[in-house]
Amino acid sequence: MARRIVVSNNSLKLNIGIKLKTLREKNGLSQETISDFLGLNLEFIQKLENGEGRISTVLLERMCELYGCSSRDIIDQDNPKSIEYTQPLSEYIDFLPGIAAVNRIAINLLEMQRLKIAGDQFTSNLK
């Protein structure tokens, strides 16, 4: 069974909230759209973006899938990375579940490539 971790550090919650809000706004999505997509109430999304809500790793992963980034991109306080789409996701509201699924596949592929490179480097250092 997957372990569920909840982020509760205040500065980290605020940093995560700011990044989630920025990604949502850059993609032209409303808080209502996000709450509907995730099946959560609007007030909870507002609290998350204001750094007041506690976010589980499961929820963070679902949001990252939608925005096409990794949870590491969101959690890393020294990483100002943001994802920009050529067209805002707001134009594709009906396709958000499919977009999230494709993004999840792409994120997993990139992570596998990163791990392969790290493994290759480790192996070459052993020689």
| field | Separation of the Asp36 and Glu111 label points, Cα + 7 Å toward Cβ, nm | value | 2.9
| task | Compute the signed sum of charges (Lys and Arg +1, Asp and Glu -1) over the other residues within less than 13 Å, Cβ to Cβ, of Asn50. | result | +3
| In terms of Cα to Cα distance under 30 Å, which lysines are near enough to Lys127, apart from those fewer than 8 places away along the same chain? | Lys116
| said: List the residues, sorted by chain then number, that are 5 or more residues from Ile55 or on another chain and whose placed amide H is less than 5 Å from its amide H. | reply: Val7
| said: How would Leu59, Leu115 line up from fewest to most surrounding beta-carbon atoms within 10 angstrom? | reply: Leu115, Leu59
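Would you list Leu89, Leu38 from fewest to most Cβ contacts within 10 Å?
Sorted ascending by nearby Cβ count, the order is Leu38, Leu89.
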| Exposure proxy check: Arg62, Arg24 ranked by fewest other beta carbons within 10 Å? | Arg62, Arg24
| Once the Cβ-Cβ distance between Asn10 and Ser90 is put in as r, and R0 is 35 Å, what FRET efficiency do you end up with, to the nearest 0.05? | 0.70
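Values quoted throughout were computed directly from the atomic coordinates according to the rules given, and no laboratory measurement underlies them. Fair warning: this is a prediction, and the values are worked out from it, not measured in the lab. Because the Cβ atoms are built from the backbone with ideal geometry, glycine has one as well, and the counts that use them run over all protein chains shown.
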